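Structure record follows, encoded as structure tokens.
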Amino acid sequence: MRFTKMHGAGNDYIYLDCFAQPAPPNPSELAVMMSDRPTGIGGDGAVGDDPAERADARMRMFNADGSESEMCGNAIRCVAKYLSDHGIVRKSELTIDTGAGPLTLQTFSDNGRVSKARVNMGRPILEAGRIPTELPGDPPLRVPLEVGGRALQVTCISMGNPHCITFVDELSDELVLGIGPQIERHPAFPRRVNAEFVKVLSPREVEMRVWERGSGETLACGTGASAVCVAGALNGLTERTITAHLPGGDLTLEWAASDDVYMTGPAVEVFSGDWPVAG
């Protein structure tokens, strides 16, 4: 099976072109094997670029643990790059269907190849029951949450997938690697949750790290950065346009007056190859 390794700000996935080959019958199992860094290709998960009836393509994404996720802001930029650079969809504005619904993108090219994309991530979901979370508030803002013997204040938002955001004075492994996994599986989140830890540098700039549901810490998270943009504005900590510094690179976020969140960031193709298929 032909694959292409790509990343958006270090958030790396293995992409399967299902326009040119049949979709795998066992995408969840395949994602686990391919994503394993010591024995497979290595990545935060696997993404299928599939044909779609009412969009230019459909993106299906599976985390490194095999669980299927609704959306990934970094992955969808890479899908747009792949479609354009490989001649599948030759236009600068396109629509990609996802588990969170169809999203529109604008691509930007250098020397005939897409280098970055701006994604309309849609409107944030603020109702607790739709995020979903058992915590109070629509949305829950600075709500107390006891995790691992620590008393946190968290803000919860969905960008098609659920996020639990904690604003902190300093980022640390103790928080991200120690508390992050416990937040992911906390009973307050019936479908698990992505955990963001954020240090506000200025009203227009934040530094953040993410423990992603099903993948562990990743170098970037597009839906997480979008949720942080909304959470920062709702809590009066940031403006509605920010730059988010993540370990893998920077993302630009804008929570527009239309209520849509726009994210701009890079998309990079690393290498391609063939994965052996038993048969």
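What net charge do the residues around ASN161 carry, taking every other residue with its C-beta under 9 Å from that of ASN161, with Lys and Arg at +1 and Asp and Glu at -1? Write down the numbers at each step before the final one.
Numbers: positive: ARG191, ARG213; negative: GLU70.
It works out to a net charge of +1.
Our helix-only sum for the chain, with -39,500 (n - 2.57) per DSSP H run of n ≥ 4 divided by its residues, gives a mean residue ellipticity at 222 nm of -4000 deg cm²/dmol.
Within the assembled protein chains, the solvent-accessible surface assigned to PHE108 is about 70 Å², based on a 1.4 Å probe.
In the neighborhood of SER258, defined by Cβ-to-Cβ distances under 12 Å, what is the net charge if each Lys or Arg adds +1 and each Asp or Glu adds -1?
Working: positive: ARG123, ARG240; negative: GLU254, ASP259, ASP260.
Counting the neighbours of SER258, the net charge comes to -1.
Label positions at ASP138 and SER202, each projected 7 Å from the Cα along the C-beta direction, are separated by 3.7 nm. Taking the stretch 250-279 and a reference point 7 angstrom along Cα→Cβ of ASP110, the backbone N atoms nearer than 15 Å belong to 250, 265-270.
Given the convex hull of the Cα atoms of the chain, what is a quarter of its surface area in nm²? Numbers along the way, then the final one.
Numbers: hull surface 57.3 nm².
Mean orientational projected area (the chain, Cα hull): 14.3 nm².
Placing a label point 7 Å from the Cα of ARG37 along the Cα-to-Cβ direction, the residues of the stretch 223-254 whose backbone N falls under 14 Å from that point are 247-248.
Count the lysine pairs in the chain whose Cα atoms sit under 16 Å apart, keeping only pairs 8 or more residues apart in sequence or on different chains.
Values: LYS5/LYS81; LYS81/LYS91; LYS81/LYS116; LYS91/LYS116.
Counting lysine pairs in the chain gives 4.
For the pair SER172 and ASP259, label points projected 7 Å from Cα toward Cβ lie 3.9 nm apart. Take HIS7: with every protein chain present and a 1.4 Å probe, its accessible area is about 50 Å².
Run the numbers for GLU29 and THR252: contour at 0.36 nm per residue of separation, minus the present Cα-Cα distance, in nm. Mind dumping the intermediate values first?
On the way: separation 223, 0.36 × 223 = 80.28 nm, distance 3.38 nm.
Roughly 76.9 nm would be gained on extension.
What full-extension length gain, to one decimal in nm, is calculated for GLU68 and GLN153 as 0.36 nm per residue of separation minus the Cα-Cα distance?
Details: separation 85, 0.36 × 85 = 30.60 nm, distance 2.83 nm.
That pair, GLU68 and GLN153, stretches by 27.8 nm at full extension.
The packing ranking, built from the mean of other Cβ atoms within 10 Å per residue, places the peptides 208-216, 109-117 in the order 208-216, 109-117, highest first.
Please list THR95, THR39, THR4, THR104 in order of solvent-accessible area, largest first, computed with a 1.4 Å probe with all protein chains present.
THR39, THR104, THR95, THR4
Once C-alpha pairs closer than 8 Å and six or more residues apart are averaged by separation and normalised to the residue number of the chain, the relative contact order reads 20 percent.
If you add up the charges near GLU269, with Lys and Arg at +1 and Asp and Glu at -1, over every other residue whose beta carbon is less than 10 angstrom from its beta carbon, what do you get? Residues close to GLU269 contribute a combined charge of +2. Between amide H atoms placed 1.01 Å from N, distances below 5 Å from LEU103 occur with ILE96, ASP97, THR98, all of them 5 or more places distant or on a separate chain. Relative to one another, the C-alpha centroids of the stretch 142-193 and the stretch 8-87 are positioned 26 Å apart.
The values are calculated or read from the model by the stated rules, or taken from the named source; none is laboratory data. The shown structure was predicted, so the numbers you read here are calculated from the model rather than taken from an experiment. No Cβ is skipped: glycine too gets one built from the backbone with ideal geometry, and neighbour counts run over all protein chains shown. Keep in mind that these areas ignore ligands, DNA and RNA; they rest on the heavy atoms of the full protein, side chains included. Shrake-Rupley method; radii C 1.70, N 1.55, O 1.52, S 1.80 Å.
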